[in-house]
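The block underneath contains the structure these notes are about, expressed in structure tokens.
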Amino acid sequence: MVRGVRGAITVEVNEADHIIVETEHLLSEMIEKNNIIPENVASILISVTDDINDVFPAKAVRKFEGWEYVPIMCMQEIPVVNGLKNCVRVLMTVNTDIEQKQIQHIYLKDAVQLRPDLSSSIDK
């Protein structure tokens, strides 16, 4: 079955190294909590708010061994008035036997407010 795994994290500063480290942290949690292996990933979409522009957060995926063939695309979120700032959002499309309600979506730091009903207890 094809499922979407969502995640989001906020970053403190618009600096390449910081953005990559935080995105890597988010991806690690998403991968670990949902037992995702790269061969089962169809694609990854990563969006950022308009205040993040120092680096493509997709570079974080390339730090994971075996993930070099996973298609990734970065894009900018629509600039919603009063929307959450400094946010990286991820949508992984994966093949899995996990039921929809068992998918663990990961929301870290200030991104918890995006989906408090689904947010992980990690790093709140």
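Laid out as a table, the results:
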{"quantity": "Total formal charge among the other residues, if their Cβ is under 10 angstrom from that of P38, Lys/Arg +1 and Asp/Glu -1", "calculated": "-3"}
{"quantity": "At R0 = 25 Å, FRET efficiency that the Cβ-Cβ distance of N35 and M75 yields, to 0.05", "calculated": "0.40"}
{"quantity": "Length-normalised contact order of region 7-65 in % [C-alpha pairs under 8 Å, at least 6 apart]", "calculated": "46"}
{"quantity": "Label-to-label distance, nm, for residues given as S43 and T93 (7 Å Cα→Cβ offset)", "calculated": "0.5"}
{"quantity": "Read-out semi-axes √(5λ) of the Cα gyration tensor in Å, derived from the coordinates shown; its label in [x] 22, 17, 13; [y] 28, 17, 14; [z] 25, 22, 12", "calculated": "[x]"}
{"quantity": "Taking region 2-114 and dividing mean pair separation by its residue count, relative contact order in percent (alpha carbons under 8 Å, at least six apart)", "calculated": "47"}
{"quantity": "Lysines whose Cα lies under 20 Å from that of K109, excluding same-chain neighbours fewer than 8 positions away", "calculated": "K33, K85, K124"}
{"quantity": "Neighbour net charge for E77 - beta-carbon separation under 14 angstrom, K R +1, D E -1", "calculated": "+1"}
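Rule-based calculations on the coordinates, nothing more; no lab input. This one's a predicted model, so the numbers in the text were calculated from it and none came from an experiment. Here the Cβ is made from the backbone with ideal geometry for all residues, glycine too, and neighbour counts use every protein chain on show.
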